[in-house]
Amino acid sequence: MNITIIGRQMEVRDDLKALVDKKLAKFDKFFSTEAEATVKFSRLREKECLEVTISSNGTLFRAEEKNSTFQNALDRCIDSIERQIRKNKTRLERRLREGAFNPVPNDEYMDIEEEQEYKIRTKTFAFKPMTPEEAILQMNLLGHEFFVFRDSVTNDTCVVYKRKDNDYGLITPSPEG
């Protein structure tokens, strides 16, 4: 797995880089050597923040943790991503490395109950062209966490959403489609 380590407004110490390499090696059994991992370090209000994103065959795995130390945040991120993989192992088997889910003695995550079926509720609504600002207003009026809309300038289908830091995000389609 190729690992990129980023320090936001900070320099990442060598011992943390070595710890990331060691901890992410745990995922070599799941991912091919072409998998990409990005680990972002930052500090926010006396907390150590860590974000781990792994991309493999077009599938993204992501975990974000805030803790008193980067080591604790890394451990929690690793556990979270492994739970995501185990919980969805049947759906992921074709996308991950051959033999990724062969039984391993004393594997503590084998007892995680796999999610069997997705329960999908369908909702339809009028797709009115609007600006991202209008979409945020509409989302807030409805009390939702996200809102799908057609951009009045580009005519693309986009999504605005409320972030954990109380800012807003905008998801737009990439030109590659």
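Determine which single condition residue 95 fails, assuming it passes every other condition in (1) touching a strand residue (DSSP E or B) at 6+ places or on another chain (Cβ under 6 Å); (2) modelled with pLDDT of 75 or more; (3) not aromatic (Phe, Trp, Tyr).
(2)
Select from the stretch 26-75 the residues that are surrounded by fewer than 17 Cβ atoms within 10 Å (Cβ to Cβ) and in a helix (DSSP H, G or I) and list them in ascending order.
The answer is 26, 28, 29, 71, 72, 75.
Being under 19 Å from residue 163 (Cβ atoms), out of contact with any strand residue (DSSP E or B) (no Cβ under 7 Å at 6 or more places or on another chain) and surrounded by fewer than 17 Cβ atoms within 10 Å (Cβ to Cβ) is the requirement here; does residue 8 meet it?
So residue 8 fails the test.
Out of the residues in the stretch 1-25 meeting the condition of being free of Cβ contacts under 8 Å to residues at least 40 places away in the same chain and in a loop (DSSP other than H, G, I, E, B), tell me which one is nearest to the chain's Cα centre (by Cα).
Among those that are free of Cβ contacts under 8 Å to residues at least 40 places away in the same chain and in a loop (DSSP other than H, G, I, E, B), it is 8.
The values are calculated or read from the model by the stated rules, or taken from the named source; none is laboratory data. Everything numeric here is computed off the predicted structure, so don't read it as measured data. Please note: Cβ atoms are built from the backbone with ideal geometry, for glycine as well, and neighbour counts cover all protein chains shown.
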